[in-house]
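Comments concern the structure below.
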Amino acid sequence: MESLDEKYMRIALELSAKGRPLSPPNPAVGCVMVKDGRVIAEGFTQKAGGHHAEIEALLDAERRGESVEGATAYVTLEPCSHYGRTPPCAKALIEHRLGRVVAAMKDPNPRVAGRGLAMLEAAGIPTACGVLAPEAWESNRGFFTRMTRGTPWVTLKVGASIDGKTALPNGESQWITSEAARADVHRLRSEAGAVMTGVGTVLSDDCRLNARLPGRDPATVRQPLRIVVDSSLRTPPGARVIGEEGCLIACAKADPARRSELELRGAEVVEFPGTDGRVDLRALVGELGRREVNDLLLEAGSELNGSMLALGLVDEIIVYASPMLIGSGRGMWNLGPYEKLAQAERWSYHSVSRIGDDLCIDLRKN
């Protein structure tokens, strides 16, 4: 049977999901305050520089006319203990005389790393940690991977027919997947710190890579950094992906004239010289970690998808599989050829669900 701590932490996790489109590069955190068996306050992380979940919950209690003194706070991540973009949340909880604090996980940020819980204990507030920790890790996997290995969580997204084709031989691909699946991709974009594609996709589709949510003006939605992997700077200066703020073009070597054209349009051009005149993808992903990108969504063609997989840079694969048979066409990724099945990389099914007419298959590395 689920304990009371688990019951209230699950509510906090549901709140944290509401913060995912807002919080990057901060983790999305949810907070519930409970007193005498009643939920008296709720909150979740706002955009960077705004209130953390605990402060939102304290403000919610004030709006409701509730006193949080002696209450238990359920937080999906250890309250921060340092001054960053905002003051420390642990200090605010102490000042409001909380009775107990339950965290799902310790914060892996070296600036916190147990200090928030220690600060609360030193002030005489009992704490507990580890309630629904796997679920809490899942909700902020990008933040945790960036803090522990220095690189974002990389999700490769692909929409394909059930026989694994992303387009006809002539490139026609609109639309293989359902409207519901395409809407879900925009949700993924809205939660990502960056979306990346290759120059081939830009040239063939003139994609925008922005997040467009139902009923929301894109101007009101936090937009991810858009990245184009373009070894020799073939991206047209008029490409739509450059037309909005926040576009990085990763090249191997920048021709000065082409660089100038793209930069005049507002793109940032960065060199990542690799072998054979190609972009060093490891260096690029490492730079994104330094830029505080927690989650990188890869929406590319078979060549870039295959290169990222071959280098072991992909953590998760999401396939939107349409009940359509295309036969001859473009594949999801270029890998191999292998001589033996033992050489093939095995992944695990994380989840399989139905979205519209399609299956959404979520794979994770073994």
Requested in this report: Determine the share of the chain's accessible area contributed by carbon and sulfur atoms, expressed in whole percent, with a 1.4 angstrom probe.
Outcome: 51
Query raised in the report: Top mean-square fluctuation among ALA344, ALA12, ALA192, Gaussian network model of the chain, C-alpha springs under 10 Å?
Result: ALA344
Query raised in the report: Extension gain ARG222-ALA180, at 0.36 nm per residue separation less the Cα-Cα distance, in nm?
Result: 13.0 nm
Query - the range 12-158: mean projected area of Cα convex hull, nm² - result: 8.7
Query - Residue-averaged [θ]222 nm for the chain, counting only DSSP H segments that reach four residues, each worth -39500 (n - 2.57) - result: -8500 deg cm²/dmol
**Report entry** Residue-normalised accessible area of the chain, expressed per residue, 1.4 Å probe, Å²
**Finding:** 48
Report summary line: Listed by chain and number, the lysines with an alpha carbon less than 24 angstrom from that of LYS157, same-chain partners under 8 positions apart left out, are LYS18, LYS165, LYS365
Report task. Treat each spin label as a single point 7 Å out from the Cα along the C-beta direction, and report the SER351 to ARG240 distance in nm. Result -> 2.9
Query raised in the report: Which distance in nm do the two modelled labels at GLU66 and THR148 give, with both placed 7 Å along the Cα-to-Cβ direction?
Result: 3.3
Query raised in the report: What's the angle, to the nearest 10 degrees (0 to 90), between helix 179-191's Cα axis and the longest principal axis of the chain?
Result: 60
Report summary line: Ordering 116-125, 88-97 by per-residue average of other C-beta atoms within 10 angstrom, highest first, gives 88-97, 116-125
Query raised in the report: Out of VAL75, VAL270, VAL199, any idea which swings most in a Gaussian network model of the chain, alpha carbons joined below 10 Å?
Result: VAL270
Query raised in the report: Dipole size in debye (nearest 20) for the range 207-305 around its Cα centre, Lys and Arg Cβ +1, Asp and Glu Cβ -1?
Result: 200
Query - Residue among GLY159, SER81, MET324 farthest towards the positive dipole end of the chain, charges placed on Cβ - result: SER81
Query raised in the report: Are there GluC sites (Glu not before Pro) in the range 246-324 that DSSP marks as loop and that have at most 16 other Cβ atoms within 10 Å, and which are they?
Result: GLU292
Report task. Just need the relative contact order of the chain here, percent rounded to a whole number, with Cα pairs under 8 Å and 6+ apart. Result -> 15
Query raised in the report: Pick from ASN294, ASN210, ASN170: which residue has the top mean-square fluctuation in a GNM of the chain where Cα pairs under 10 Å get a spring?
Result: ASN170
Query raised in the report: If you put +1 on each Lys and Arg Cβ and -1 on each Asp and Glu Cβ, how big is the dipole of the chain around its Cα centre, in Debye rounded to 20?
Result: 340
Query - Point-to-point label distance, ALA113-GLU287, nm (Cα→Cβ direction, 7 Å offset) - result: 2.8
Query - ASP362/LEU59 FRET efficiency (R0 35 Å; Cβ-Cβ; nearest 0.05) - result: 0.50
Report summary line: In degrees rounded to 10, the 0-90 angle between helix 53-64 Cα long axis and the longest Cα principal axis of the chain is 50
Query - Extension gain from ILE11 to MET324, taking 0.36 nm per residue of separation minus the Cα-Cα distance - result: 108.8 nm
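The values are calculated or read from the model by the stated rules, or taken from the named source; none is laboratory data. Because the structure is predicted, anything quoted here is derived from the model rather than measured. Quick reminder, even Gly has a Cβ in these numbers, built from the backbone with ideal geometry, and neighbours come from all protein chains shown. Surface areas here come from the heavy atoms of the whole protein model, side chains and all, with no ligands, DNA or RNA. Shrake-Rupley method; radii C 1.70, N 1.55, O 1.52, S 1.80 Å.
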